[in-house]
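J.: Following this message is one structure expressed as structure tokens.
Read-outs: derived from the displayed coordinates by stated rules, not from any lab. A quick note: this is a predicted structure, and the numbers were derived from the prediction, not measured. Every residue, glycine as well, gets a Cβ built from its backbone with ideal geometry; the counts of neighbours run over all protein chains shown.
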Amino acid sequence: MRIIYIIWLRQIKRYFRARARIIGSLGQPLLFLLAIGFGFGPIFQKAGQGNYIQFITPGIIAMSILFTSIFSGTEVIWEKQFGFLKETLVAPVSRSLIMIGRTLGSATVASLQGIIVLAISSAIGFRIQNYALLPVSLVFMFLISLFFTSLGTAIGSMLEDMQGFQLIMNFLVMPLFFLSGSLFPLDNAPKALKIIAALDPLTYGVDGLRGTLINMTQYGLSIDLLVLSVLTIIFVAIGSYLFSKIQI
């Protein structure tokens, strides 16, 4: 357990040292929140759907977490290429423990960014509807972070170059985000789109955040929590297995 704590702490320290990375990672979520939130707000309101900033903020929080956590896989490839990972893997500890420590550290970092986006959103007009459920929203943030960090680590463990990782991420990240219902309600969406959204893991994270922050949910908090928890456990196991098979 000590090795998990050490690696977890190292990942967090690395995050706070990279100030430019913190600012850069917040740029896209804030652009979406301000440009789309205020730009489409009047149209959303005229359609009888209420305040668009209220609706879109949980999705933007999820987007911030998604981007940060899944791109943690680039660190695995980078460390493989420059030999830093070899120094870690030769340690007399289980590779699974090393992977879990890395995953927890990166997931904590992604969750912190989600909290920052939530704080900024509150400053520009977003209002939490039920503060009693705020701790549950933090649980959803961490589960989203843990799931996509594990996915990013699993993909990074199988690849040898950054270009291949970027291609796969571009193919995955934007569809995962746009098909999750982050930017539009799924209530009146076409049936085919609803089916696709139901297969998107991020959908349950976004829905869980909406349920805890603004009391609006498509599937119900219990279903969101169950599906996201089960998928997270599965992908942490997959990520641990693939990480343990890295050749050094």
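J.: What are the ³J(HN,Hα) couplings of segment 136-146, residue after residue, when phi is run through the Karplus curve with 6.51, -1.76, 1.60 and θ = phi - 60°? Round to Hz, x for glycine and proline.
T.: Running phi through 6.51 cos²θ - 1.76 cosθ + 1.60 with θ = phi - 60° gives 5, 5, 5, 5, 4, 4, 5, 5, 4, 4, 5 Hz.
J.: Give me, ordered by chain and number, the residues 5 or more places off Met216 or on other chains with an amide H under 5 Å from its own placed amide H.
T.: Amide H to amide H, under 5 Å and 5 or more residues apart or across chains, Met216 pairs with Gly211.
J.: Could you give the length gained on full extension between Asn51 and Ser122, defined as 0.36 nm per residue of separation minus the Cα-Cα distance, in nm?
T.: So the chain would gain 24.2 nm between Asn51 and Ser122.
J.: Separate question: Per-residue HN-Hα couplings for segment 163-169, Karplus 6.51 cos²θ - 1.76 cosθ + 1.60 at θ = phi - 60°, whole Hz, x for Gly and Pro?
T.: 4, x, 5, 4, 5, 5, 5
J.: Moving to a separate point now. What is the packing order of peptides 106-113, 71-78, taking the mean over residues of other C-beta atoms within 10 Å and listing the highest first?
T.: 106-113, 71-78
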